[in-house]
Amino acid sequence: MRKKGAAAVPEFVRKIIMRLKSAGFSAFAVGGCVRDTLLGREPHDWDVTTSAGTEEVEALFEKTVPTGVRYGTVTVIMDGVAVEVTTFRLDGAYRDARKPESVRFVSDLKEDLSRRDFTVNAMAMDEAGAVTDLFGGREDLHNRVIRCVGDPERRFSEDALRMFRAVRFSAQLGFSLEPGTLSALRRLAPLCKKLSAQRVLSELQKTLGSPDPSRVREMAGYGLLKPYIAEKAAALPLERLKEAPEGLRLPALAVMTAASGYSAGAEELLRSLHTTAAQAVCAERAEAVYGALAPAPDGQGVRLALCENQPEAVAAACAALGAYPLAEREIAAKRYVRPRELRVSGRDAAALGLAGSEISRALLRLARAVTLGESENDRAALLKKLRAMKKELR
Ligand code: ATP
Ligand code: MG
């Protein structure tokens with residue numbers, strides 16, 4: 001059952017495992033960190049699973065944080081690094097394809113591994129690097145497939161988020177979905193409508209941040225995103241998203257789906273997904289810029305958009321149009337002027353008798369004129385233009 005692995009756990013994890021063991025408990029590194037180690041990737045965090053209960057874990061280590069005692073989890077700080085230490089457990093009855101109502105603590109590693117979602121996430125490793133692999137996780141790593149532990153229909157019915165996780169891990173790792181897992185996912189996709197927006201958003205963001213953000217196509221196409229984004233969105237040129245930095249991919253996706261009528265407006269979509277208000281506002285501006293620049297942005301159009309919009313909104317709109325590099329070049333070259341960079345101010349406009357919204361409209365016109373090369377950013381020239389504008393704006 002166990003085979004000596006080439007890789008071993010880092011020192012801070014070894015210390016945690018050894019202390020638990022010397023107190024008579026069993027303990028292993030488990031889940032994503034084992035998967036990543038076997039793939040030769042650097043795990044971004046380490047989790048430990050143990051037969052010790054939370055109180056026992058708290059008693060054995062100096063620095064602990066009770067992060068999820070109800071679910072058996074205590075965070076142990078070892079050598080300055082946080083490690084989640086969780087008691088072996090089985091998930092109890094599931095409610096509505098969402099989190100288990102209760103968990104049951106068990107004494108056996110085998111049971112703990114059997115509750116985990118995918119074979120590649122269901123392996124444990126001891127302090128010497130020996131791997132416990134009860135469900136063929138190593139073979140699936142080798143064949144680059146995501147396969148549910150146990151019956152996929154049952155596992156997806158228990159927790160519909162696993163369908164998102166299946167696509168997310170396949171995007172992050174460059175794996176495909178094992179056929180049985182995929183067909184269960186296609187049948188059970190409607191269960192995803194019960195998931196909270198926060199859980200959906202987290203998986204969506206991780207998929208967009210993966211080396212292949214266009215895998216969001218599968219989330220849409222299989223209907224996982226249906227409450228937010230229609231299945232038809234799978235036909236959009238989502239490979240464009242890869243050009244954009246991670247933080248702009250969600251607003252760019254929202255603009256693409258909104259523009260084709262496959263989702264609500266970009267801002268509304270992001271609000272319904274519970275993103276930050278700042279991201280939702282960026283999406284709203286990006287949608288307006290998209291409307292002005294579609295179908296094919298050119299440098300001048302981008303510069304004019306930059307006069308009156310945050311660079312992020314312009315960049316997201318360009319990403320949605322497959323022109324992110326153009327936006328990046330124009331932002332870096334900074335051949336545009338924003339109203340507040342003019343050598344005249346709102347006070348000058350007011351002194352000339354302009355009032356209210358006339359002032360901002362006038363300054364924006366000047367900024368556009370300077371950006372287009374029709375005027376120098378020179379105080380005397382701009383004041384002259386302002387005076388001429390006064391009549392027109394009335
Ligand atoms: P990441 O690199 O994103 O942290 P991970 O595999 O560590 O990947 P986590 O979400 O941190 O993923 O979960 C840790 C482990 O807990 C998983 O590897 C898996 O074994 C188990 N797990 C997490 N969520 C679920 C779930 N919804 N159903 C079953 N098992 C789960
Ligand atoms: Mg993790």
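With open to solvent by 10 Å² or more (accessible area, probe 1.4 Å), part of a loop (DSSP other than H, G, I, E, B) and without any contact (Cβ under 8 Å) to a residue 60 or more places away in the chain as the only criterion, which of GLU139, GLU62 stands out? Spell out the reasoning first.
On the way: GLU139 fails: part of a loop (DSSP other than H, G, I, E, B).
From the options GLU139, GLU62, the qualifying one is GLU62.
Considering only the range 242-262, state which residues are more than 18 Å from the chain's Cα centre (by Cα) and either open to solvent by 20 Å² or more (accessible area, probe 1.4 Å) or charged (D, E, K, R) (or both).
Filtering the range 242-262 down to residues more than 18 Å from the chain's Cα centre (by Cα) leaves 258-262.
Passing the criteria: ALA259, SER260, GLY261, TYR262.
Look at GLU392 and say whether it is acidic (Asp, Glu) and assigned to a helix (DSSP H, G or I).
For GLU392, the condition - acidic (Asp, Glu) and assigned to a helix (DSSP H, G or I) - is met.
Can you say whether GLU312 is open to solvent by 60 Å² or more (accessible area, probe 1.4 Å), touching a residue at least 60 places away in the same chain (Cβ under 8 Å), under 30 Å from LEU248 (Cβ atoms) and not assigned by TED's automatic domain parsing to the domain that holds PRO213, as far as the supplied structure shows?
Yes, satisfied.
Quick grid of which residues meet (1) within 18 Å of GLY31 (Cα to Cα); (2) open to solvent by 10 Å² or more (accessible area, probe 1.4 Å):
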position	(1), (2)
ASP79	no, yes
VAL83	yes, no
LEU109	yes, yes
GLY129	yes, no
PHE135	yes, yes
ASP159	yes, yes
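Would a scan of the range 110-127 turn up a residue that is in contact with a Lys or Arg (Cβ under 9 Å, 6 or more places away or on another chain) and more than 28 Å from SER176 (Cα to Cα)? Show your work before the answer.
First, the residues of the range 110-127 that are in contact with a Lys or Arg (Cβ under 9 Å, 6 or more places away or on another chain): 111-112, 115, 117-123, 126-127.
Next cut, more than 28 Å from SER176 (Cα to Cα) only: 126-127.
Yes, the range 110-127 contains at least one residue that is in contact with a Lys or Arg (Cβ under 9 Å, 6 or more places away or on another chain) and more than 28 Å from SER176 (Cα to Cα).
Quick one: GLU58 ticks every box in (1) among the acidic types (Asp, Glu); (2) within 15 Å of ligand 1 (Cβ to nearest atom); (3) in contact with a strand residue (DSSP E or B) (Cβ under 7 Å, 6 or more places away or on another chain) bar one, so which box is it?
(2)
Among what's in the range 111-127 and is open to solvent by 20 Å² or more (accessible area, probe 1.4 Å) and acidic (Asp, Glu), pick the residue that is farthest from ILE17 (Cα to Cα).
Top of the filtered list is GLU111.
The values are calculated or read from the model by the stated rules, or taken from the named source; none is laboratory data. Predicted, not measured: the structure shown is a model, and the values here were computed from it. Don't worry about glycine lacking a Cβ; one is built from the backbone with ideal geometry, like all the others, and counts go over all protein chains shown. Side chains included, ligands, DNA and RNA excluded: accessible areas come from the protein's heavy atoms. Shrake-Rupley method; radii C 1.70, N 1.55, O 1.52, S 1.80 Å.
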